[in-house]
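> Mind having a look at this structure? Questions to follow.
Any read-out appearing in this document is the output of simple, stated calculations on the displayed coordinates, not a laboratory observation. Note that the structure is predicted; figures quoted are calculated from it, not measured. FYI the Cβ positions are ideal-geometry reconstructions off the backbone, even for glycines, and counts take in every protein chain you see.
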Amino acid sequence: MFKKIFSTTLTVIFLTISCYSNAADSQDFYISSFSEGKLNNWEVKEFSGKTEYNIVNDDQNSKKRVLKATSHNAASGLFMEKRIDLQKTPYLHWSWRTDKLYSNLDESKKQGDDFVARIYLIIDGGLFFWKTRALNYVWSSYFTQGQVWANPFTANATMLAVESGEKNLGKWLHYSRNVREDLKKFVGKEVRYIDGIALMTDSDNAGQRATTYYGDIYFSAKP
């Protein structure tokens, strides 16, 4: 199962980071260009079964292209190795939409560590792999919005419920987070750079189905 190897996988991924691309000086630095039909520079990381990721036309707006994630008893994500200068562009922006949450999950337990929507950021620990840290922004079906907890498989991953419950199902939700402040507040790390970003819709523990849509992801100097 994905969660059983989560810590090891983070180690393997981030020990391989040997070169970086620096963020541009422009105010908006795009990580993804889903709206342009592109999946450039994203790598698939498969852990337990395969979540399908495809560029599609938004079924609520046929002129809009988005990333569709479909998961059934699977856990795989899209990962991008990218060094982001949080001093220049500390604000992360993204959007997502899902129509259904998982039922009967306790996300604080290993058997409940599944999310219909998550975006996570990584600070590479280099040779000191135990220093690698991850901050996960998730849509929780168990915790209330704003709650923070340690991932049940590794204390190096912090979970933050930026969305919770069913009230916003079926709607496009847009977020802006000051990553530098979040890392300081929730992870206890005051850093200038992050080294990677990933997104994932996983269901290997829930054994249920999930379909989630993601819009473009970018960093900016201002909210």
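> Residue by residue through segment 98-113, note down the ones that are buried (at least 19 other Cβ atoms within 10 Å of the Cβ) and under 17 Å from Pro152 (Cα atoms).
Leu105, Glu107, Asp113 - these are the residues of segment 98-113 that are buried (at least 19 other Cβ atoms within 10 Å of the Cβ) and under 17 Å from Pro152 (Cα atoms).
> Show me the strands (runs of 3 or more DSSP E) found entirely inside segment 70-157 where at least 3 residues are hydroxyl-bearing (Ser, Thr, Tyr).
91-98
> Please verify whether segment 46-58 includes one or more residues that are among the charged types (D, E, K, R) and part of a loop (DSSP other than H, G, I, E, B).
So far as segment 46-58 goes, yes, one or more of its residues are among the charged types (D, E, K, R) and part of a loop (DSSP other than H, G, I, E, B).
> Okay, next question. Lys167: without any contact (Cβ under 8 Å) to a residue 60 or more places away in the chain and surrounded by fewer than 21 Cβ atoms within 10 Å (Cβ to Cβ), yes or no?
Considered against the rule, which asks whether it is without any contact (Cβ under 8 Å) to a residue 60 or more places away in the chain and surrounded by fewer than 21 Cβ atoms within 10 Å (Cβ to Cβ), Lys167 comes out as yes.
> Select from segment 180-223 the residues that are outside any loop (DSSP other than H, G, I, E, B) and out of contact with any strand residue (DSSP E or B) (no Cβ under 8 Å at 6 or more places or on another chain) and write down the one among them that is surrounded by the most Cβ atoms within 10 Å (Cβ to Cβ).
Arg180
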